[in-house]
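A.B. asks: Once you've had a glance at the structure underneath, I'll fire off some questions.
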Amino acid sequence: LGIRSLHEEGVSGQGVGIAIIDQKLLLGHREYANRLVYYQAPGMSSAEPEFHGAPVASLAAGRNIGVTPDAVLYYFATPSWLGDLCYPAAALEEICRMNPSLPEGEKIRVVSISRGDFSVQPNLPRWKAALALAKKQDILVVSCDPEGYDYGSISRIPGQDPDDPASYRLTPWMLGQYPLTGESLLVPGGNRTVASSHGIEIYRAEVNGGLSWSAPYLAGLAALGYQANPSLTPDEIVRFWKESATPAAFGGKIINPRGFIEMARGVGKVDEPGEGEGV
């Protein structure tokens, strides 16, 4: 959806820090090894890397497949399989503690956590308090929780132009299961190449995708917005996502990276497609 052309113009996340809270990461993968400046995995020194970490790190900040290949990457590994929000809350608290002392150009402006259903997990109040602390620091937190941002996942139709919104459809798992509204954001997640946890030069094809792969895309796009305009607030980013998005024939609105960046720069509201131009 035009991400690569933004990179060619220098909008690649340089000078912005992005943090990921996810499962244990395979260190050294060629996609993100040169961007990773901080890593912690408390209590998991003997555990093997999980399958989830490498894909989300590569989609957010991978040098070849990431939305923001020049951002500074911080990674906080947590045992998400335990289903307890005390772990991601502690990671987000740590981000808020360390962020004020980070040098300019490396401060964390956005956090990606590919996890949801927070309302049924223990320690929800602590997680909400951590979110409030992050918002005070103008840190945007993107998760898969349905009580957060209203977005879904789309997949590129094989063989179609990846820059054309008409080349996308809902990912199969969403059909009949995810209630779209006219304002639901739709974000690429399926039919993507992602880094694999099985080796530092190994990739895999992710056919179905899902919100876990869409969250780091959104977080990376937010980082591009912060590069374009460091004074943006999290609320402005979400508003510009919605106002610049392209209406889809099957419901919802497909994310529009270039339109978002233009709004972030203050160019003005992007015109809606004319009659017959909708996706």
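A.B. asks: Tally the DSSP beta bridges in segment 108-240 and give the antiparallel ones as a percent, rounded to 5.
C.D. replies: Of the beta bridges lying entirely in segment 108-240, close to 45 percent run antiparallel.
A.B. asks: Another question, then. Positive end of the dipole of the chain, charges at C-beta (+1 Lys, Arg; -1 Asp, Glu), about the Cα centre: which of Tyr203, Ser231, Leu25 has its Cα farthest in that direction?
C.D. replies: Projecting each Cα onto the dipole axis, the largest value belongs to Leu25.
A.B. asks: Tell me which residues come under 5 Å, amide H to amide H, from Ile254 once H is placed; ignore anything under 5 positions away on its chain.
C.D. replies: Amide H neighbours of Ile254, under 5 Å, 5+ apart: Leu186, Thr246, Ala248.
A.B. asks: Still on this structure, please answer the following. Name the shape class, rounded, prolate or oblate, that the alpha-carbon gyration tensor gives for the chain, where a ≥ b ≥ c are the square roots of its eigenvalues, rounded holds for a/c under 1.5, and otherwise prolate holds if a/b is larger than b/c and oblate otherwise.
C.D. replies: Rounded, since a/c falls under 1.5.
A.B. asks: If you don't mind, another one. Checking the a/c ratio against 1.5 first, then a/b against b/c, what shape does the Cα gyration tensor give for segment 59-110? Walk me through the numbers before you get to the answer.
C.D. replies: Working: a/c = 3.72, a/b = 1.27, b/c = 2.93.
Note, shape of segment 59-110 comes out oblate.
A.B. asks: Same structure again: So who's got an amide H within less than 5 Å of the one on Ile20, skipping anything under 5 residues away but keeping other chains? H placed 1.01 Å off N, in plane.
C.D. replies: Tyr74, Tyr75, Phe76, Ser112
A.B. asks: Helix-derived [θ] at 222 nm for the chain: sum -39500 (n - 2.57) over DSSP H runs of at least 4, divide by residue count, nearest 500?
C.D. replies: Taken over the chain, the calculation gives -8500 deg cm²/dmol.
A.B. asks: In the chain, what percentage of the DSSP-assigned beta bridges are antiparallel, given to the nearest 5?
C.D. replies: Taking every DSSP beta bridge with both residues in the chain, the antiparallel ones total about 25 percent.
A.B. asks: Would you kindly derive the ³J(HN,Hα) couplings of segment 248-262 from the backbone phi angles with the Karplus curve 6.51 cos²θ - 1.76 cosθ + 1.60 (θ = phi - 60°), listing them in order in whole Hz, with x for Gly and Pro?
C.D. replies: My calculation for segment 248-262 gives 10, 4, 8, x, x, 9, 7, 4, 10, x, 5, x, 4, 5, 4 Hz in order.
A.B. asks: I would also like to ask the following. In percent, how large is the relative contact order of the chain, given Cα pairs closer than 8 Å and 6 or more residues apart?
C.D. replies: RCO, the chain: 22 percent.
A.B. asks: Provide the per-residue ³J(HN,Hα) series for segment 12-27, in order, calculated from phi with Karplus coefficients 6.51, -1.76, 1.60 and θ = phi - 60°, each as a whole number of Hz, with x at glycine and proline positions.
C.D. replies: Residue by residue, segment 12-27 yields 9, x, 4, x, 10, x, 10, 10, 10, 10, 7, 6, 4, 9, 6, 7 Hz.
A.B. asks: Under 5 Å between amide H atoms, partner at least 5 residues away or on a different chain: which partners does Ile154 have, H built in plane at 1.01 Å?
C.D. replies: HN-HN under 5 Å from Ile154: Thr171, Val187, Gly189, Gly190.
A.B. asks: How much length is gained if the chain between Arg4 and Lys136 is pulled fully straight, taking 0.36 nm per residue apart and subtracting their Cα-Cα distance, in nm to one decimal? Present the calculation step by step, with values, prior to reporting the outcome.
C.D. replies: Working: separation 132, 0.36 × 132 = 47.52 nm, distance 3.19 nm.
Value of the extension gain: 44.3 nm.
A.B. asks: Against the longest principal axis of the chain, how steep is helix 124-136, in degrees 0 to 90 to the nearest 10, with axes from Cα atoms?
C.D. replies: 70 degrees
A.B. asks: By how many degrees, 0 to 90 and rounded to 10, does the Cα axis of helix 211-228 deviate from the longest principal axis of the chain?
C.D. replies: Helix 211-228 sits at roughly 80 degrees to that axis.
A.B. asks: Ranked highest first by average number of other Cβ atoms within 10 Å, how do 71-84, 207-220 line up?
C.D. replies: The peptides rank, most packed first, as 207-220, 71-84.
A.B. asks: Which whole-Hz ³J(HN,Hα) couplings does segment 155-161 yield from phi under the Karplus relation 6.51 cos²θ - 1.76 cosθ + 1.60, θ = phi - 60°, glycine and proline marked x?
C.D. replies: Computed from phi, the couplings for segment 155-161 are 10, 6, 5, x, x, 8, 5 Hz.
A.B. asks: Oh, and also: So, for the chain, what is the accessible surface per residue at a probe of 1.4 Å, expressed in square angstrom?
C.D. replies: Details: 11920 Å² over 279 residues.
That works out to 43 Å² for each residue.
A.B. asks: Which angle from 0 to 90°, rounded to the nearest 10, does the C-alpha axis of helix 86-98 make with the longest principal axis of the chain?
C.D. replies: Compared with the principal axis, the helix lies near 90 degrees.
A.B. asks: Quick check: from the Cα gyration tensor, does segment 28-120 come out rounded (a/c under 1.5), prolate or oblate?
C.D. replies: oblate
A.B. asks: Still on this structure, I have one more. Distance between the C-alpha centers of segment 176-221 and segment 62-86? Whole Å please.
C.D. replies: What the calculation gives is 13 Å, centre to centre.
A.B. asks: Let me ask something else about it. Do the alpha carbons of any pairs in Lys107/Lys253; Lys107/Lys136; Lys107/Lys135 sit beyond 23 Å of each other, and which pairs?
C.D. replies: As for pairs spanning more than 23 Å Cα to Cα, those are Lys107/Lys253.
A.B. asks: How much of the accessible area of the chain, probe 1.4 Å, is carbon plus sulfur, in whole percent?
C.D. replies: Percent of accessible area from carbon and sulfur atoms in the chain: 50.
The values are calculated or read from the model by the stated rules, or taken from the named source; none is laboratory data. Not measured: the values here are computed from a predicted model. Reconstructed Cβ throughout: ideal geometry from the backbone, glycine too, with neighbour counts over all protein chains shown. Heads up: the accessible areas ignore ligands, DNA and RNA and are worked out on the full protein's heavy atoms, side chains in. Shrake-Rupley method; radii C 1.70, N 1.55, O 1.52, S 1.80 Å.
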